[in-house]
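The values are calculated or read from the model by the stated rules, or taken from the named source; none is laboratory data. Keep in mind the model is a prediction, meaning the values are calculated, not measured. Cβ atoms come from the backbone with ideal geometry, glycine included; neighbour counts cover every protein chain shown.
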Amino acid sequence: METLFIDGKKISTEKELHEYLKDKLKKEHNINLDEINKDDISRGRKKKPVQPQGPRQVYLKYMFPYKIELNSGCKQMIFGVLVDAHGHPVKNAMIEFEISDYDLGTMSFSPAISFGDGCFFTTFIAECSGRGCLKLTAVGTTLNKEIPICVYNTNCY
(Lines give C-alpha, C1' and ligand atoms only; values in the text may rest on other atoms or scores of the structure.)
Protein backbone atom coordinates (compact mmCIF):
# COMPACT_ATOMS: atom_id res chain seq x y z
CA MET A 1 0.00 0.00 0.00
CA GLU A 2 1.31 3.44 -0.86
CA THR A 3 1.59 6.16 1.80
CA LEU A 4 -1.53 8.31 2.20
CA PHE A 5 -1.96 11.63 3.98
CA ILE A 6 -5.52 11.93 5.33
CA ASP A 7 -6.50 14.81 7.64
CA GLY A 8 -2.81 15.55 8.23
CA LYS A 9 -2.03 11.97 9.34
CA LYS A 10 0.50 9.79 7.56
CA ILE A 11 -0.95 6.35 6.85
CA SER A 12 1.36 3.75 5.37
CA THR A 13 -0.16 0.35 6.27
CA GLU A 14 -3.59 -1.24 5.94
CA LYS A 15 -3.75 -1.62 9.73
CA GLU A 16 -3.21 2.14 10.24
CA LEU A 17 -5.86 2.88 7.59
CA HIS A 18 -8.32 0.53 9.28
CA GLU A 19 -7.70 2.13 12.70
CA TYR A 20 -8.14 5.62 11.19
CA LEU A 21 -11.47 4.63 9.60
CA LYS A 22 -12.71 3.05 12.85
CA ASP A 23 -11.76 6.17 14.85
CA LYS A 24 -13.42 8.48 12.29
CA LEU A 25 -16.64 6.46 12.34
CA LYS A 26 -16.64 6.39 16.15
CA LYS A 27 -15.94 10.13 16.64
CA GLU A 28 -17.99 11.68 13.86
CA HIS A 29 -20.90 9.25 13.45
CA ASN A 30 -21.04 7.32 16.74
CA ILE A 31 -20.58 3.97 14.97
CA ASN A 32 -18.46 1.62 17.08
CA LEU A 33 -17.46 -1.42 15.01
CA ASP A 34 -15.70 -3.07 17.97
CA GLU A 35 -18.98 -3.31 19.91
CA ILE A 36 -20.87 -4.64 16.89
CA ASN A 37 -18.26 -7.38 16.38
CA LYS A 38 -18.18 -8.29 20.11
CA ASP A 39 -21.94 -8.78 20.04
CA ASP A 40 -21.54 -10.93 16.96
CA ILE A 41 -18.89 -13.12 18.62
CA SER A 42 -20.65 -13.45 21.97
CA ARG A 43 -23.81 -14.85 20.46
CA GLY A 44 -23.89 -18.62 20.74
CA ARG A 45 -24.08 -21.02 17.86
CA LYS A 46 -27.67 -21.13 16.78
CA LYS A 47 -29.29 -22.99 13.98
CA LYS A 48 -29.82 -20.50 11.25
CA PRO A 49 -33.05 -20.52 9.32
CA VAL A 50 -32.68 -21.69 5.76
CA GLN A 51 -31.96 -18.73 3.52
CA PRO A 52 -33.59 -18.60 0.11
CA GLN A 53 -31.20 -18.85 -2.78
CA GLY A 54 -30.19 -15.62 -4.40
CA PRO A 55 -28.44 -12.43 -3.37
CA ARG A 56 -28.66 -11.42 0.28
CA GLN A 57 -29.87 -8.05 1.51
CA VAL A 58 -27.13 -5.64 2.58
CA TYR A 59 -27.27 -1.96 3.41
CA LEU A 60 -24.80 0.89 3.57
CA LYS A 61 -24.76 1.93 7.22
CA TYR A 62 -22.33 4.71 6.39
CA MET A 63 -20.50 5.90 3.30
CA PHE A 64 -18.32 8.92 2.63
CA PRO A 65 -18.74 10.83 0.35
CA TYR A 66 -22.30 10.48 -0.96
CA LYS A 67 -21.59 12.96 -3.76
CA ILE A 68 -18.17 13.46 -5.35
CA GLU A 69 -16.94 16.77 -6.74
CA LEU A 70 -13.25 17.07 -7.61
CA ASN A 71 -10.79 18.49 -10.13
CA SER A 72 -9.36 16.31 -12.89
CA GLY A 73 -6.14 14.62 -11.87
CA CYS A 74 -7.04 14.65 -8.16
CA LYS A 75 -7.22 11.55 -5.98
CA GLN A 76 -10.50 10.80 -4.18
CA MET A 77 -11.10 8.22 -1.46
CA ILE A 78 -14.36 6.41 -0.73
CA PHE A 79 -15.01 4.45 2.44
CA GLY A 80 -17.99 3.04 4.27
CA VAL A 81 -19.58 0.26 6.32
CA LEU A 82 -21.80 -2.56 4.99
CA VAL A 83 -24.33 -4.29 7.27
CA ASP A 84 -26.81 -7.10 6.69
CA ALA A 85 -30.57 -7.02 7.34
CA HIS A 86 -29.99 -7.62 11.09
CA GLY A 87 -27.48 -4.76 11.46
CA HIS A 88 -24.42 -7.01 11.68
CA PRO A 89 -21.36 -6.08 9.59
CA VAL A 90 -20.81 -7.95 6.34
CA LYS A 91 -17.42 -9.60 6.76
CA ASN A 92 -14.94 -9.49 3.86
CA ALA A 93 -17.41 -8.38 1.20
CA MET A 94 -16.12 -8.22 -2.38
CA ILE A 95 -16.75 -4.58 -3.29
CA GLU A 96 -16.78 -3.53 -6.95
CA PHE A 97 -16.90 -0.05 -8.48
CA GLU A 98 -17.76 0.66 -12.09
CA ILE A 99 -18.48 3.74 -14.17
CA SER A 100 -22.15 3.70 -15.12
CA ASP A 101 -21.80 6.77 -17.34
CA TYR A 102 -19.02 6.87 -19.92
CA ASP A 103 -19.11 10.68 -20.20
CA LEU A 104 -16.55 10.65 -17.38
CA GLY A 105 -13.89 9.09 -19.58
CA THR A 106 -11.20 7.07 -17.85
CA MET A 107 -10.65 6.66 -14.13
CA SER A 108 -7.81 4.88 -12.39
CA PHE A 109 -9.06 2.78 -9.46
CA SER A 110 -7.10 1.10 -6.72
CA PRO A 111 -8.53 -2.28 -5.67
CA ALA A 112 -11.18 -1.95 -2.96
CA ILE A 113 -9.90 -3.10 0.43
CA SER A 114 -12.51 -4.88 2.56
CA PHE A 115 -11.70 -5.28 6.23
CA GLY A 116 -13.17 -8.12 8.34
CA ASP A 117 -15.58 -5.87 10.23
CA GLY A 118 -17.70 -4.43 7.44
CA CYS A 119 -15.41 -1.48 6.54
CA PHE A 120 -14.34 -0.95 2.93
CA PHE A 121 -12.00 1.57 1.30
CA THR A 122 -10.87 2.52 -2.20
CA THR A 123 -9.29 5.43 -4.05
CA PHE A 124 -9.50 6.60 -7.65
CA ILE A 125 -8.15 9.34 -9.89
CA ALA A 126 -10.42 11.11 -12.39
CA GLU A 127 -8.38 11.78 -15.51
CA CYS A 128 -10.75 14.05 -17.47
CA SER A 129 -13.67 16.37 -16.74
CA GLY A 130 -17.32 15.39 -16.97
CA ARG A 131 -20.42 14.39 -15.04
CA GLY A 132 -21.81 10.95 -14.38
CA CYS A 133 -22.28 8.21 -11.82
CA LEU A 134 -20.11 5.62 -10.15
CA LYS A 135 -21.87 2.34 -9.36
CA LEU A 136 -21.04 0.55 -6.09
CA THR A 137 -21.90 -3.16 -5.89
CA ALA A 138 -20.95 -6.10 -3.68
CA VAL A 139 -20.69 -9.62 -5.11
CA GLY A 140 -23.55 -11.92 -4.02
CA THR A 141 -25.66 -9.12 -2.53
CA THR A 142 -28.45 -6.76 -3.53
CA LEU A 143 -26.26 -3.67 -3.07
CA ASN A 144 -26.55 -1.32 -6.04
CA LYS A 145 -25.68 2.26 -5.07
CA GLU A 146 -24.98 5.03 -7.56
CA ILE A 147 -22.70 7.88 -6.48
CA PRO A 148 -23.01 11.10 -8.52
CA ILE A 149 -19.65 12.45 -9.72
CA CYS A 150 -18.72 15.85 -11.12
CA VAL A 151 -15.14 16.27 -12.34
CA TYR A 152 -14.04 19.83 -13.08
CA ASN A 153 -11.22 20.93 -15.36
CA THR A 154 -9.45 23.89 -13.75
CA ASN A 155 -6.53 24.10 -16.22
CA CYS A 156 -4.16 24.76 -13.31
CA TYR A 157 -0.58 23.55 -13.58
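In region 1-54, the residue that is modelled with the lowest pLDDT out of those that are in a loop (DSSP other than H, G, I, E, B) and among the basic types (Lys, Arg) is Arg43.
Is at least one residue of region 83-99 touching a residue at least 12 places away in the same chain (Cβ under 8 Å), among the acidic types (Asp, Glu) and farther than 22 Å from Lys22 by Cβ? There is at least one residue in region 83-99 that is touching a residue at least 12 places away in the same chain (Cβ under 8 Å), among the acidic types (Asp, Glu) and farther than 22 Å from Lys22 by Cβ. Kindly list the number of the only condition in (1) modelled with pLDDT of 85 or more; (2) β-branched (Val, Ile, Thr); (3) not in a strand (DSSP E or B) that fails for Thr122. With respect to (1) modelled with pLDDT of 85 or more; (2) β-branched (Val, Ile, Thr); (3) not in a strand (DSSP E or B), Thr122 is out only on (3). Output yes when any residue across region 118-128 is among the small types (Gly, Ala, Ser) and under 13 Å from the mean Cα position of the chain (by Cα), and no when none is. Yes - at least one qualifying residue is present in region 118-128.
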